[in-house]
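The values are calculated or read from the model by the stated rules, or taken from the named source; none is laboratory data. Everything numeric in this text was worked out from a predicted model, so none of it was measured. We place every Cβ from the backbone using ideal geometry, glycine too, and count neighbours over all the protein chains shown. Side chains are part of the model used for accessible areas, which takes the heavy atoms of the whole protein and leaves out ligands, DNA and RNA. Shrake-Rupley method; radii C 1.70, N 1.55, O 1.52, S 1.80 Å.
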Amino acid sequence: MSSQHPLPPATAPTPQWRHYWKLMRADRPIGTLLLLWPTWWALWLAAGGLPPLWTLFVFSAGVWLTRSAGCVINDYADRWLDPHVKRTKDRPLASGAVRGRAALALFAVLMLVAFGLVLTMNGLTIGLSFVGIFLAASYPYLKRYTHLPQVYLGMAFGWGIPMAFAAVQGHVPALGWLLYAANILWSTAYDTWYAMVDRDDDLRMGSRSTAILFGELDLVIQGVLYALFLATMALVGVRGGLGGWYVLGLLVAGGLVAYEFWLARHREREPCFKAFLHNNWVGAALFAGLALDLALR
């Protein structure tokens, strides 16, 4: 009597909503957090403490919506590249699980909901939001024409800073622009860690990044970027009249940055990705110091 081998159980198909969820990177909150911390820095500084609750809700929800929309349009722009990159070949657009037109429709819905929230703010904030929409929609295409898409990412990711000051104070003071500049330095630095993960694949496919531009000087230039970021944040503290708790948060952030360099010292893929993820704690440390300093005055 011949033995029979049972067939393996059939795998249930993945629900379509999960593909859209993955396309929005809603399963990976790191990007939302990296966008949220600078927005909260700005809201707390602009308000001198806890901002109005509706404003806090609008900007926090807006961070999630615009980050999700940014991921969608980024994958749409990179649908020709992602199938050839180890880290991105299984993304919904790269694998064919989501069609291009559906992705564009999702991007439009997310941005419209975010814009609807912004319409509850003042006129200056609404006007600034149009710049934010342009930055978010155009960022993914920069890597085809320049080695500095990470700088442009900082401009897009940080646009919530002037919008937050506009929403709370009705104008954007010099402190707001100084904080915006600090965020551009920070975003350029942490996204360069991310770009170092994909450097070999990007070189093969002809894509561009700061990791490729910096070459063998990558760690040196990263050191300069992070030093400038921390120095600018120190200046933010001086201009904002912040004291000891903020200084403590800044020192903790500096220690966390030093640990990132230890992680990425051999330029290997996984450690560089860990260094990128670690920036969440840098943002959190700075926010904790800032919020405590304002609360305990």
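So the values come out like this:
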quantity: Check on residue 33, in a helix (DSSP H, G or I) and either without any contact (Cβ under 8 Å) to a residue 60 or more places away in the chain or buried (at least 19 other Cβ atoms within 10 Å of the Cβ) (or both); calculated: no
quantity: Sole exception among (1) farther than 29 Å from residue 219 by Cα; (2) crowded, with 24+ Cβ neighbours inside 10 Å for residue 175, by number; calculated: (2)
quantity: Positions within segment 139-167 being closer than 17 Å to residue 190 by Cα, open to solvent by 50 Å² or more (accessible area, probe 1.4 Å) and either in contact with a Lys or Arg (Cβ under 6 Å, 6 or more places away or on another chain) or outside any helix (DSSP H, G or I) (or both), in sequence order; calculated: 147, 148
quantity: Residue in segment 192-209 that is closer than 20 Å to residue 42 by Cα, of a type in the set (A, V, I, L, M) and open to solvent by less than 40 Å² (accessible area, probe 1.4 Å) present; calculated: no
quantity: Test for residue 170: is it in contact with a helix residue (DSSP H, G or I) (Cβ under 8 Å, 6 or more places away or on another chain), of a type outside the set (A, V, I, L, M, F, W, C) and surrounded by fewer than 17 Cβ atoms within 10 Å (Cβ to Cβ); calculated: yes
quantity: Residue among 100, 154 that alone is in contact (Cβ under 8 Å) with a residue 12 or more places away in the chain and under 20 Å from residue 179 (Cα atoms); calculated: 154
quantity: Residues (crowded, with 21+ Cβ neighbours inside 10 Å and modelled with pLDDT of 95 or more) located in segment 253-274; calculated: 253, 257, 260
quantity: Subset of segment 129-149 [free of Cβ contacts under 8 Å to residues at least 40 places away in the same chain and of a type in the set (A, V, I, L, M)]; calculated: 131, 133, 135, 142
quantity: Boolean, residue 250 is in contact (Cβ under 8 Å) with a residue 12 or more places away in the chain, in contact with a Gly (Cβ under 8 Å, 6 or more places away or on another chain), aliphatic (A, V, I, L, M) and buried (at least 18 other Cβ atoms within 10 Å of the Cβ); calculated: yes
quantity: Breaking point among (1) without any contact (Cβ under 8 Å) to a residue 40 or more places away in the chain; (2) touching a helix residue (DSSP H, G or I) at 6+ places or on another chain (Cβ under 9 Å), for residue 51; calculated: (1)
quantity: Selection from segment 103-127 of residues that are touching a residue at least 40 places away in the same chain (Cβ under 8 Å), open to solvent by less than 50 Å² (accessible area, probe 1.4 Å) and not hydroxyl-bearing (Ser, Thr, Tyr); calculated: 103, 106, 110, 111, 114, 117, 118, 121
quantity: Yes/no for residue 239 being under 20 Å from residue 201 (Cα atoms) and either open to solvent by 20 Å² or more (accessible area, probe 1.4 Å) or of a type in the set (A, V, I, L, M, F, W, C) (or both); calculated: no
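The rows are residues; the columns are (1) open to solvent by 10 Å² or more (accessible area, probe 1.4 Å); (2) assigned to a helix (DSSP H, G or I).
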{"position": "37", "(1), (2)": "yes, yes"}
{"position": "41", "(1), (2)": "no, yes"}
{"position": "45", "(1), (2)": "yes, yes"}
{"position": "50", "(1), (2)": "yes, no"}
{"position": "57", "(1), (2)": "yes, yes"}
{"position": "62", "(1), (2)": "yes, yes"}
{"position": "67", "(1), (2)": "yes, yes"}
{"position": "72", "(1), (2)": "no, yes"}
